[in-house]
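Undergrad: Would you mind keeping the following structure in view while I ask a few things?
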Amino acid sequence: MPEDFIIETRGLMKEFNGFVAVSDVDLRVRRGQIHALIGPNGAGKTTCFNLLTKFLIPTRGRILYQGDDITSARAAEVARRGLVRSFQMSAVFPHLTVLENVRIALQRKLGTTFHFWKRESSLAVLNPRAMELLDAVDLASFARMVAVELPYGRKRALEIATTLAMEPELMLLDEPTQGMGHEDVEKVTALIKRASANRTVLMVEHNMNVVATIADTITVLQRGRIIADGSYADVSRNPLVIEAYMGSADGGQLGVPA
């Protein structure tokens, strides 16, 4: 695999009881880019994410990460190697503070992840780095707030901070702006752009304004297959892509004339 691709799939397929959710997907994500995976509802985007992060095992095909075959690897193994994801639904610890949420993600560096009876004060050494990460996502002033009290957009920012705490080389974001108002979308879009410095981002995203603003490369799925790949200018004018969107419940979201 060329060194400039951090992850690649070859003939990736996933079948569920006769239903083919992903079929012959050859995806290549270039190192250092923001790569968007888009498509109408039911196109297979989240299934692809689950295959890449080992929450699902492929029916057929291969997944290469940094040149190594990880097709049969476990989810925890690929996470330790720097392939880390977020989820569609907010996934923070609601009754811990914002600072404590990030500190949990940092704790593995101390080798005390499962030392449940350690004094909380033993984790204070992680506070400076946790605050750096919170500052990076504009949450430093919320550090002592209980996470459940955060507005939705801020919770998504907290998820990005905890993901960054894992020091990912490839960060996978599943619908990072889902359910947000315009102001929060703009904030999180800017955060993703900042978070992409010195790492690669692969994101599933429905908001075409976000995709057009920050994605370097876009791959379009329809019915589990790739129908287009390239820049936003290229894929937004592809007749297959226009037909896929205009013929779906997402019609008109692509933002370009037919």
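Read-outs: derived from the displayed coordinates by stated rules, not from any lab. Only a predicted model underlies this, so the values are computations on that prediction, with no experimental measurement involved. Backbone-built Cβ (ideal geometry, glycine too); neighbour counts: all protein chains shown.
Undergrad: Please give the charge dipole size of region 124-227, origin at the Cα centre, charges +1 on K and R Cβ atoms and -1 on D and E Cβ atoms. Round to the nearest 20 debye. It would help to have the intermediate numbers written out before the result.
TA: Numbers: 11 positive and 14 negative charges, 28 e Å.
The dipole of region 124-227 has a size of about 140 debye.
Undergrad: Then there's this: Over the chain, calculate the relative contact order: mean separation of alpha carbon pairs under 8 Å at least 6 apart, over the residue count, as a percent.
TA: Numbers: 476 pairs, mean separation 67.7, N = 258.
Dividing the mean separation by the residue count of the chain yields 26 percent.
Undergrad: Net charge near G230, counting Lys/Arg +1 and Asp/Glu -1 over other residues with Cβ under 11 Å of its Cβ?
TA: On the way: positive: R237; negative: D216, D229, D234.
Result for the neighbourhood of G230: -2.
Undergrad: Would you grab the residues whose amide H sits under 5 Å from the one on R60? Only those 5+ places off in sequence or on another chain, please, with H modelled 1.01 Å from N.
TA: M13
Undergrad: Can you figure out the FRET efficiency of S72 with M145, using R₀ = 35 Å and their beta-carbon distance, to the nearest 0.05? Each step should come with its number before you reach the end.
TA: Values: r = 42 Å, r/R0 = 1.19.
E(calc), rounded to 0.05, equals 0.25.
Undergrad: How about region 141-234: which chymotrypsin sites (Phe, Trp or Tyr not before Pro) there lie in a loop by DSSP and see at most 11 other Cβ atoms within 10 Å? Before the final figure, lay out each step's value.
TA: Details: sites: F142, Y152, Y232; in loops: none.
Answer in residue order: no site qualifies.
Undergrad: Assign unit charges at the C-beta atoms only (+1 for Lys and Arg, -1 for Asp and Glu), then state the dipole size of region 1-66 relative to its Cα centre in Debye, rounded to the nearest 20.
TA: Values: 9 positive and 6 negative charges, 22 e Å.
Rounded to the nearest 20 debye, it is 100 debye.
Undergrad: Here's another thing I want to ask about it. Nearest 20 debye, what's the magnitude of the dipole of the chain about its Cα centre given +1 on Lys and Arg Cβ and -1 on Asp and Glu Cβ?
TA: Values: 30 positive and 29 negative charges, 151 e Å.
The dipole of the chain has a size of about 720 debye.
Undergrad: Per residue, how much space in cubic angstrom lies within the convex hull of the C-alpha atoms of the chain? Could the numbers behind the result be given before it?
TA: Values: hull volume 35.0 nm³, N = 258.
Convex hull of Cα atoms, per residue: 136 Å³.
Undergrad: Just subtract the alpha-carbon distance of E169 and R81 from 0.36 nm times their residue separation and send over the number in nm, one decimal. Before the final figure, lay out each step's value.
TA: Working: separation 88, 0.36 × 88 = 31.68 nm, distance 0.82 nm.
Extra length available between E169 and R81 comes to 30.9 nm.
Undergrad: Further, regarding this structure: Counting each DSSP H run of 4 or more residues in the chain as -39500 (n - 2.57), what helix-only mean residue ellipticity at 222 nm follows after dividing by all residues, to the nearest 500 deg cm²/dmol? All intermediate terms of the calculation are to be shown ahead of the outcome.
TA: Numbers: 9 runs with 80 residues, N = 258.
Dividing the helical sum by the residues of the chain leaves -8500 deg cm²/dmol.
Undergrad: Follow-up question, since we're still on this one. Could you give the distance between the Cα centres of region 10-64 and region 144-206, to the whole Å?
TA: Each part's Cα centre sits 22 Å from the other's.
Undergrad: With point charges of +1 on the Cβ of Lys and Arg and -1 on the Cβ of Asp and Glu, referenced to the Cα centre of the chain, which listed residue (Y245, T97, Y232) lies farthest in the positive direction of the dipole?
TA: T97
Undergrad: Taking a cut-off of 16 Å, what percent of all Cα-Cα pairs in region 185-241 are separated by more than that? Walk me through the numbers before you get to the answer.
TA: Numbers: 714 of 1596 pairs.
The proportion of pairs with Cα distances above 16 Å equals 45 percent.
Undergrad: Give the residue from V29, L123, V201 lying farthest towards the positive end of the charge dipole for the chain; charges sit on Cβ (+1 for Lys and Arg, -1 for Asp and Glu) and the dipole is referred to the Cα centre.
TA: Highest projection toward the positive end goes to L123.
Undergrad: May I ask you to list the trypsin sites (Lys or Arg not before Pro) in region 126-178 that are in a DSSP loop and have at most 16 other Cβ atoms within 10 Å of their Cβ? Kindly include the intermediate steps, with their values, before the conclusion.
TA: Values: sites: R129, R144, R154, K155, R156; in loops: R144.
For trypsin sites (Lys or Arg not before Pro) across region 126-178 that sit outside H, G, I, E and B with at most 16 neighbouring Cβ atoms in 10 Å, the list reads R144.
Undergrad: Pick out, from G39, V211, P168, the residue whose Cα sits farthest towards the positive end of the charge dipole of the chain, with +1 on the Cβ of Lys and Arg and -1 on the Cβ of Asp and Glu.
TA: Farthest towards the positive pole: P168.
Undergrad: Sorted by packing (mean other beta-carbon atoms within 10 Å per residue), highest first, where do 184-192, 42-50 land? Let's see the in-between values first.
TA: Values: 184-192: 19.6, 42-50: 21.6.
The peptides rank, most packed first, as 42-50, 184-192.
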